[in-house]
Every structure is written in structure tokens, then in C-alpha cells.
1. Can you pull out the GluC sites (Glu not before Pro) in the stretch 1-96 that DSSP calls coil and that have at most 11 other Cβ atoms within 10 Å?
2. Once you have the Cα-Cα distance between His10 and Gln87, take 0.36 nm times their residue separation minus that, and quote the gain in nm to one decimal.
3. Determine, from the Cβ-Cβ distance of Thr80 and Glu18 and an R0 of 25 Å, the FRET efficiency 1/(1 + (r/R0)^6), rounded to the nearest 0.05.
4. Along Cα→Cβ, 7 Å out, is where each label goes; now give me the distance between the ones at Val100 and Arg71 in nm to one decimal.
5. What is the local net charge at Ala21, summed over the other residues whose Cβ is closer than 12 Å to its Cβ (Lys, Arg +1; Asp, Glu -1)?
6. Given labels modelled 7 Å from the Cα in the Cβ direction, how far is it in nm from Trp53 to Arg37?
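What follows is calculated from the coordinates using simple rules that are stated; it is not laboratory data. Note that the structure is predicted; figures quoted are calculated from it, not measured. Methodologically, a virtual Cβ is constructed for each residue, glycine included, from the backbone with ideal geometry; neighbour enumeration extends over all protein chains shown.
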Amino acid sequence: MDHGEIIRRHELTDQEWELLAPLIPRAATGRPRVSDRQVVNRMVYKIRTGISWRDLPEHYGPWKTVCTRFRRYDLDGVFTRALQQTQARADAAGDIDWLVQIDSTIVRAHQHAAATERKEGSTGGTNWRITPSVDPEAD
């Protein structure tokens, strides 16, 4: 990006682009393409604002280019791989805390969702013992 350009509100910063750029596939042959960063910035704008493809501002260029490339990246798994690789890098750097806590007062589960076993010698249908799940921190 030219230093004279202004980074718009819904565009990637230089640091964000440096992380993402190596994960974007390059066209091997064919006619010259619109810059990958420019197209990804258009995608980011669309996703962050929630507008339709056709409503992308004119300064972003043809909306069909962005829509086509977005669909191609999606079908090729580019976004999934980018997320996985970005998470792996952040995890290796210690930047992600994977601890998740769930407030059980708002979680509802179907009665068959819990792992259960009958108590020994039980013949009734209501005498169940809940088997706790394995604690991931116990290893």
C-alpha cells in the first residue's frame, strides 16, 4: 500500500495484511488481476457493513470481481485455512486463551444428551447415574 493512501475504517491494517497475504492463493497465469489486498479489503467492507455485493461503494471497483473471488476462496477453503493457520500462529505465540466457561443457568440440554448408565441392580427406569465428562485439564 502506498503510504500516501488513507486506510479506511473497514480495511485491513498493514499488520493484518502481512499475516493474511501469504495465505491468499496467487493466480499462476491469465490476465492481470486486481490486487489481492484491494479485493480482500472489499470483502472485509462487505462483511463488516452487511451490505449486498451490488451496493459496494464505487471506489472499490466492480462488485462482481469481489463477489466472484469471495465465492472462489470460499469453495477452495481459503478462509478456513486462513483461520486455522492464524489461530495456530497465535496459539504458538501464546496469544490465545482457549479456556471457555459456560454458565449452566442458560444452557439447556435434551434429556438424552447426558451420558448415563443404570446403577447396578436397578430395574426401574428412573434410577440413572450421570457419568461426568473427561476433564481436559486433568492430563
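1. Passing sites in the stretch 1-96 are Glu5.
2. Difference between extended and current length: 25.6 nm.
3. 0.80
4. About 3.2 nm, to one decimal.
5. So the surrounding residues net to -2.
6. In this crude spin-label approximation the distance works out to 2.5 nm.
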